[in-house]
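What follows is a short report on a single structure.
The values are calculated or read from the model by the stated rules, or taken from the named source; none is laboratory data. Just so we're clear, the structure is a prediction, and the values are computed from it rather than from any experiment. Backbone-built Cβ (ideal geometry, glycine too); neighbour counts: all protein chains shown. These area figures cover heavy atoms from the full protein model, side chains too; ligands, DNA and RNA do not enter into them. Shrake-Rupley method; radii C 1.70, N 1.55, O 1.52, S 1.80 Å.
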Amino acid sequence: MPSIQLASDRFGAAPTDTQLTTLGYRRWSVIDGLGRPQSMGWLRPDLVSLLPAEPLPIAAISDLVEALRQTSAADGWRDECFTLCNEAGEPIVDVRHQAVGLERSLFRPLGLFYTTVQLNLVTEQGRVWIGQRALHKAVDPGLWDAAVAGGLTHGEQPQQALRRECWEEAGLSEALLSGLRVLGSVLVQRVLGADGRQGLQREQVMSYGLQAPLDFTPTNQDGEVQAFACVPLDEIWRLWQQGQFNHEAAVGCLDFLMPQPG
């Protein structure tokens, strides 16, 4: 996978440390199982009082999770874990030197780095298949999205996650993925909410491309996509500008398939 790049400014400039501090965010850190301090991210303003200013021992993460269950940070709780990483995207290990998992819905409130995969399914005519997120989804219900997209669950590898999501979301079997190619890896970093105080998204989108098989129409298998459409790239741009397209999916598609002129 090519080195990670920051999302282009046409999707909004990444917040600076000064801007985050002004909004009330606070950096936080842990001491990992090897005794090393690890910078983790930025606490959402309403959660600052839950953590001391000094680094949190990794063994205390479970106590933090229980405390967060009593707050609005628990909205959309998934009972599914992402791998806990430092700000550089490196996994945090416990005293047994094993990577630590954390409830995925807490990653944005805690400003944590996480990784997702996305497939841009393109037809011979250069149109792109997109999917509309089901209304019961915890994040961005009803918005348009890539035909295939999802997060790496704890311990999962990118290709493993992508192939799982290809089947679950679009009905793409292993036999149809022989032309799969890497497009690149882009970092989406932005504050959430109208006031910028609802959490920090630090998401690495690993973007892949595939020419859609002839006469293929995506078919959802897991109930998380309510409709599909096949559109030109400028329609994705228009939908994103109107707030009808998932932000990171637009970045993971357009930054690679429709680069900025000049």
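How would you rank 116-123, 43-50, highest first, on the average number of other Cβ atoms within 10 Å across their residues? Please list the in-between numbers first.
Numbers: 116-123: 23.4, 43-50: 17.9.
So the order, starting with the most tightly packed, is 116-123, 43-50.
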Probe 1.4 Å, heavy atoms of protein chains only: per residue, the accessible area of the chain in Å² is 46 Å²
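How would ARG36, ARG190 line up by accessible area, probe 1.4 Å, largest first? The partial results should precede the final answer.
Details: ARG36 110, ARG190 65 Å².
Correct descending sequence by accessible area is ARG36, ARG190.
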The simple spin-label model distance between LEU176 and SER72, using points 7 Å out along Cα→Cβ, in nm, is 4.1 nm
Taking Cα atoms only, helix 247-257 is inclined relative to the longest principal axis of the chain by an angle, in degrees rounded to 10, of 50 degrees
Taking only the alpha-carbon atoms of the chain, the convex hull volume per residue, in cubic angstrom, is 135 Å³
Here the convex hull volume per residue of region 155-262, taken over Cα atoms and given in Å³, is 154 Å³
Expected unfolding gain across GLU235-GLU90 under the 0.36 nm per residue rule, minus the alpha-carbon gap, is 48.6 nm
Rounded to whole angstrom, the alpha-carbon centroid of region 134-181 lies from that of region 238-257 at a distance of 17 Å
Projecting the Cα atoms of PRO109, ASN120, VAL95 onto the charge dipole of region 78-158, where Lys and Arg contribute +1 and Asp and Glu -1 at Cβ, the residue farthest towards the positive end is ASN120
Applied in sequence order to region 76-81, the curve 6.51 cos²θ - 1.76 cosθ + 1.60 (Karplus, θ = phi - 60°) yields integer Hz couplings, x standing for Gly and Pro, of x, 3, 10, 6, 9, 10
